[in-house]
Amino acid sequence: MPASPLALPDLAGRTILVTGANAGIGYWCAEILAAHGARVLLGCRSAERAEVAVSSIRAHASGADLHIVPMDLGSLASIAAAGASLDERIDAVICNAGVKAADRDARTADGLDLMIGTNVVGHFALLAQLEHLLADDARVVAVGSLAHRFAEIDPATLSAPWSGPSLRQYGRSKAALMAFAFELARRWRGTARSALCAHPGYAVDPLTPRRPGLADVSSVARALAAPSRLVVQGKDAGAAPIVHAAVAADATGGDYWGPGGLLEFRGAPARVAASAQVRSVDVGTELWSVLEHLSGTRLAT
Ligand SMILES: NC(=O)c1ccc[n+]([C@@H]2O[C@H](COP(=O)([O-])OP(=O)(O)OC[C@H]3O[C@@H](n4cnc5c(N)ncnc54)[C@H](OP(=O)(O)O)[C@@H]3O)[C@@H](O)[C@H]2O)c1
């Protein structure tokens, strides 16, 4: 029985890597995709949390074809090791792993700002490591955020120390990830490969179906949160636009998918608008060079 009511194609024979698949929206992407027949590679930094996710997916998607790929998106060495450990065709990559940090001094293993280093540079490096494994018609989905609209990105100062609210810096990291994906979409024009962005709206754990061991939320907290369902949604529903971007026939390169309801907080997958800045050719071109420099990797594209 599929874990979601989404009308998705049969995904048997397709292999999809989901980063940050052990929790939240990434978990739900993995469960939904596995339930529809995909082989799912779970990119996770904690073996223990990944095993909990695998057990949970197997309990809800019988016959699920799952493989854990150890990876810490905040470590270029770990990403290189993850790439080297893989030797199979990959049909889609969902760049979901994300961190929201309040601490300005928080750094990745390579000394980069934690949010920029993990959310953007880590995914650029991962795709560079996996490029030779991508199918001729592969899709890459960058998980963006409504927060991208309130953030300015200047590629030249991407890795500079930041001030102001941490939410703005988080928005910068998401905007940069989206600008990278839209640049990748432009570079892949004329090929069968596609790069897209998607966002989950406003997705919270108390409205998410129970999955023991994953984000356990008390019954009281669930009851208190229930009325908010009118405005926001669970992480299972938040996964829907992302899964749609990864596998639906009507999703194409350069698209941006999100919930189609009020303020894009909740609702069924729909095409939504991205800011002019993340779609800017100038920003995308400059950002690409900066990401090559910060990651020490190159995409041949
Ligand atoms: N929830 C929302 O309303 C919302 C809205 C807009 C965008 N988003 C985006 O959606 C994505 C998922 O959000 P979420 O709400 O599901 O968050 P979450 O519940 O906190 O899950 C984040 C996932 O990312 C993983 N992760 C973090 N840092 C990592 C690293 N260095 N290496 C590998 N994995 C790492 C986490 O693994 P660990 O368990 O090891 O920490 C976890 O699996 C994020 O990119 C977020 O920016 C969420």
Which percentage, to the nearest 5, of the DSSP beta bridges contained in the chain is antiparallel?
15 percent
Going residue by residue through region 102-113, the Karplus relation 6.51 cos²θ - 1.76 cosθ + 1.60 with θ = phi - 60° gives ³J(HN,Hα) values, rounded to whole Hz and with x marking Gly or Pro, of 8, 8, 4, 8, 5, 10, 6, 4, 9, x, 8, 3
Given Cα pairs under 8 Å that are at least 6 residues apart, what percent is the relative contact order of the chain?
18 percent
By per-residue mean of other Cβ atoms within 10 Å, what is the highest-first order of 264-271, 176-183?
176-183, 264-271
Counting only residues 5 or more apart in sequence or on a different chain, those whose built amide H sits under 5 Å from that of V140 are V93, S194, A195, L196
Would you calculate a helix-derived [θ] at 222 nm for the chain, using -39,500 (n - 2.57) for each DSSP H run of n ≥ 4 and dividing by the full residue count, to the nearest 500?
-11000 deg cm²/dmol
Given a 1.4 Å probe, the accessible area of region 139-185 per residue, as a whole number of Å², is 33 Å²
With θ set to phi - 60°, apply the Karplus curve 6.51 cos²θ - 1.76 cosθ + 1.60 along region 241-257 and write out the HN-Hα couplings as whole Hz, x wherever there is a Gly or Pro.
x, 6, 4, 4, 4, 6, 9, 6, 5, 8, 9, 9, x, x, 6, 10, 10
Where is the GNM fluctuation largest for the chain (alpha-carbon springs, 10 angstrom cutoff): S163, S62, S85?
S163
³J(HN,Hα) computed for each position of region 197-207 - Karplus, 6.51 cos²θ - 1.76 cosθ + 1.60, integer Hz, glycine/proline x:
10, 8, 9, x, x, 10, 10, 10, 5, x, 9
Ordering of 189-200, 30-41, 150-161, 231-242 by burial proxy (mean other Cβ atoms within 10 Å per residue, highest first):
30-41, 231-242, 189-200, 150-161
Considering amide H positions built from the backbone, and no H for Pro or chain starts, which residues 5 or more places from T208, or on another chain, come under 5 Å of its amide H?
K235
For region 29-57, list residues with backbone N below 19 Å from a point placed 7 Å from the Cα of A12 toward its Cβ?
32-41
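The values are calculated or read from the model by the stated rules, or taken from the named source; none is laboratory data. Keep in mind that what you see is a predicted model, and the values were worked out from it rather than measured. Positions of Cβ are generated from backbone atoms using ideal geometry, with glycine treated the same way; all protein chains shown enter the neighbour counts. Heavy atoms of the whole protein, side chains included, go into the accessibility calculation; ligands, DNA and RNA do not. Shrake-Rupley method; radii C 1.70, N 1.55, O 1.52, S 1.80 Å.
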